[in-house]
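Have a look at the structure below, then the notes.
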Amino acid sequence: MWSEYYFWGIWLSMAIFMEFWAMFLRGVLWHGPWWITHKSHHRPRQGYLEFNDIFSVFHALLAMFLIIYGFEARASTFSYSCAAAGFGMTSFGIAYFVVHDGFIHERLPVRFLSKFAYMRRLKNAHKVHHFRDHEHPFGLFLGEYELRWYRSRSKLKKLAAKSEL
């Protein structure tokens, strides 16, 4: 399993895919029909946990299922792929927890991350999201780029509207 190249490719691909999945969930569901659950994340926290943390629990259980199935099922490309996908989800989840919950929302002692310019830009982009509920960026690790893209589209729309007059 560990020596198969596709295993590592699936692991990395799933970790990257999870950023886009999180963008989709946050933009379409969490800031839409599931706002009742997610709004706890946009309010001052009461205690250590938020109702919003339920989303992480769901994804963690799914990743655990994929990993366990991958190890317990008959050895095959499919079972190895399931384990790799579970590890990719877990890798993203750990990174997300450390950066988002730990660094950005200061729920963990990881302030040393502010030494990195990229981390400071992520924190600033996420602040834009929090100060303007229901607005971009919805991504975390690509939040800075998502914010730039939406701002440039907004400027283009304004220029197009002016030229139509």
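Each reported figure results from applying straightforward, stated rules to the coordinates on display, with no laboratory input. Just so we're clear, the structure is a prediction, and the values are computed from it rather than from any experiment. No Cβ is skipped: glycine too gets one built from the backbone with ideal geometry, and neighbour counts run over all protein chains shown.
Just grab the label-to-label distance for ARG151 and TRP8, each label 7 Å out from Cα along the Cβ direction, in nm (one decimal).
With each label point 7 Å from Cα toward Cβ, the separation is 3.7 nm.
Can you give me the distance in nm between label points at ARG120 and LEU61, each placed 7 Å from the Cα along the Cα-to-Cβ direction?
4.1
Ignoring everything except DSSP H segments at least 4 long, calculate the 222 nm mean residue ellipticity for the chain; use -39,500 (n - 2.57) per segment, divide by total residues, nearest 500.
Mean residue ellipticity at 222 nm (helix-derived): -20000 deg cm²/dmol.
Give the value in nm², to one decimal: projected area of the alpha carbon convex hull of the chain, averaged over all directions.
Averaged projected area of the chain's Cα convex hull equals 13.0 nm².
What FRET efficiency, computed as 1/(1 + (r/R0)^6) with R0 = 25 Å and r the Cβ-Cβ distance, is obtained for PHE24 and PHE51, rounded to the nearest 0.05?
Computed FRET efficiency for PHE24 and PHE51: 0.75.
Compute the FRET efficiency between ARG74 and THR37 as 1/(1 + (r/R0)^6), taking r as their Cβ-Cβ distance and R0 = 35 Å, and round to the nearest 0.05.
Calculated value: 0.40.
Looking at the stretch 15-113, which GluC sites (Glu not before Pro) are DSSP coil and have at most 14 other C-beta atoms within 10 Å of their C-beta?
The qualifying sites are GLU106.
In a solvent-free Debye calculation with one equal scatterer on each Cα, what is log10 I(q)/I(0) for the stretch 2-48 at q = 0.17, 0.25, 0.30 Å⁻¹, listed in the order of the q values?
-0.64, -0.86, -0.99
In the stretch 50-85, which chymotrypsin sites (Phe, Trp or Tyr not before Pro) are in a loop and have at most 12 other Cβ atoms within 10 Å, using DSSP for the loop call?
none
Using the Cα atoms of the stretch 58-145, I'd like the radius of gyration and the largest Cα-Cα distance, Dmax, both in angstrom.
16.5, 49
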